[in-house]
1. Taking region 183-208, which residues are in contact with a Lys or Arg (Cβ under 8 Å, 6 or more places away or on another chain), free of Cβ contacts under 8 Å to residues at least 40 places away in the same chain and within 27 Å of I124 (Cβ to Cβ)?
2. Filter region 70-111 down to the residues that are in a loop (DSSP other than H, G, I, E, B) and among the aliphatic types (A, V, I, L, M), then identify the one that is modelled with the lowest pLDDT.
3. For F32, only one of the following conditions fails: (1) hydrophobic (A, V, I, L, M, F, W, C); (2) at pLDDT 95 or above; (3) over 23 Å from D94 (Cβ atoms). What is its number?
4. Across region 104-127, what is the number of residues that are loosely packed, with under 14 Cβ neighbours inside 10 Å and under 13 Å from G70 (Cβ atoms)?
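The values are calculated or read from the model by the stated rules, or taken from the named source; none is laboratory data. This structure is a prediction, so every number in the text was calculated from the model and none was measured. Note that we place each Cβ from the backbone using ideal geometry, even for glycine, and neighbour counts take in every protein chain shown.
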Amino acid sequence: MEENTSEGPHILYIEDNKADVVIMKRVLEEIFPQGYSLDTTPVGSTGLTKLKTNYYDFAILDYKLPRMNGLEILQNMKNEGIDTPVVVVTGQGDDEVAVKALKNGAYDYLIKGKLDTKEAKFSILELWNLVNYMKRDANIEMFSSLTQKRTTIDVIADILQSALNGIGKTTLVFKSNMNFKRIEKYLVFLLAKGFLRLDQEEKYTTTEDGKRLLKAITELKALLNK
C-alpha cells in the first residue's frame with residue numbers, strides 16, 4: 001500500500017503489525033509536515049522486491065517479520081548491491097540484534113514501543129538530512145534548512161577532516177565529541193557512499209571522493225558566512 005503526500009521523503013516501511021504502522025504514520029506526519037510518501041508491506045520478501053524495483057530515500061524495517069527477518073533483508077540487500085539507507089526496528093532489550101543490524105549496514109535502530117519518542121524522531125530526521133544532502137549535491141538551500149545546533153553537514157565535515165590521515169574510531173569519537181552510537185550512523189553512511197574507507201587496522205581514511213566533498217562543504221559554508 002502506498003500513500004503519497006508529495007514533497008518529503010519516499011519511504012518503504014516493512015512491518016506486519018498494523019498498530020505499529022499507524023504509530024509510524026503519526027510519527028512521520030509530525031517529522032515531515034511538508035508531506036511524505038509511504039509504501040508499506042507486511043512481508044519481508046515483498047519488501048526486498050520493492051527495494052530492488054523502486055527508489056526509496058530510505059527504508060524502515062521491523063526485525064521480526066514472517067519468513068524473512070530484518071537481518072536477512074539487510075544481508076540480501078548487501079548481496080544484491082541495494083544501497084537504500086535502512087533503519088531497523090528491534091524489540092526492547094534486543095541489543096545483540098541492534099549491533100548485528102549496524103554491522104550489516106543499518107544506519108540506526110529504533111526500539112519497538114518507543115517509536116513516538118524524541119530520540120526516534122531525531123534519528124529519522126537526521127537520516128533524511130543525510131539523504132537529502134546527498135541528493136541535492138551540497139545545495140545551499142539544504143544548509144539553510146538545517147536548524148540543529150550542530151548540523152549534519154558540520155558532522156560530516158568534521159569526520160572527513162579528522163580522517164584525512166587515517167584515524168581510529170575511539171579517537172574519532174573523542175575528537176568529534178559524539179558517542180559511539182551516533183557516530184556509527186555517519187560512518188556507515190560515509191563508507192557506503194565511498195567517502196571513507198576502513199583498512200585492516202580498523203582505521204578510517206577519507207577517500208578522494210571524500211576530499212572533494214569536504215572541499216565543497218568548506219566552500220559552501222564560506223559562501224554562507226559572507
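1. Correct list: I183, L187, L191.
2. Across region 70-111, the extreme among qualifying residues is A106.
3. (2)
4. Number of matching residues: 0.
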